Amino acid sequence: MTTTTTTTTWVTRYYAAWDRADVDQITEWFTDDVVLEDVPTGHIATGSEQARAFVEHAIAMTPGTTYEVVNSMVTTDAFATEWIMQPAGLRGSSIGTIRDGKIATNRDYWNAASSNVT
């Protein structure tokens, strides 16, 4: 596995779009047939329209949220990112695949018990 500053730069830019709640920029990172899965809730979104609705809902549910990227590993076809959602302090990870420089699959794993969320 090769991880370089160049390959992890997109992770920083992707999470910066989440920090700004910029739905257009977030969804620009997805392939047309993307599959997003929020494992703890069992929610799955497939394709561009469902992914956009997924992102819009996530932003509406957590206004003002930012992401602190703790660690990230990226290859040409996969990624794993550990993050902390602030201000709640919710810790989680995103694991997925990359195709043609875009996110093809993304599975989020998080545990609200380890956060400040009540």
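For segment 6-37 versus segment 56-81, the spacing of their alpha-carbon centroids is 8 Å. Restricting to Cα atoms and excluding each atom paired with itself, what does the Kirkwood estimate give for the chain in Å? By the Kirkwood definition, the hydrodynamic radius is 14.3 Å. Think of the chain as having a plus end and a minus end, set by charges on the Cβ of Lys, Arg, Asp and Glu; of Ile84, Gln50, Ile26, Ile84 sits farthest toward the positive end of this dipole.
State, as an integer percentage, the relative contact order of the chain based on alpha-carbon contacts under 8 Å between residues 6 or more apart.
Values: 214 pairs, mean separation 28.9, N = 118.
Once normalised by length, the contact order is 25 percent.
Quick check for me: using +1 on Lys/Arg Cβ and -1 on Asp/Glu Cβ, what's the dipole size of the chain about its Cα centre, in debye to the nearest 20? Present the calculation step by step, with values, prior to reporting the outcome.
On the way: 7 positive and 15 negative charges, 57 e Å.
The calculation lands at about 280 debye.
Every number here is computed from the coordinates shown, using simple stated rules; none is lab data. From a predicted model like this one, the values you see are computed outputs, not experimental measurements. Note that we place each Cβ from the backbone using ideal geometry, even for glycine, and neighbour counts take in every protein chain shown.
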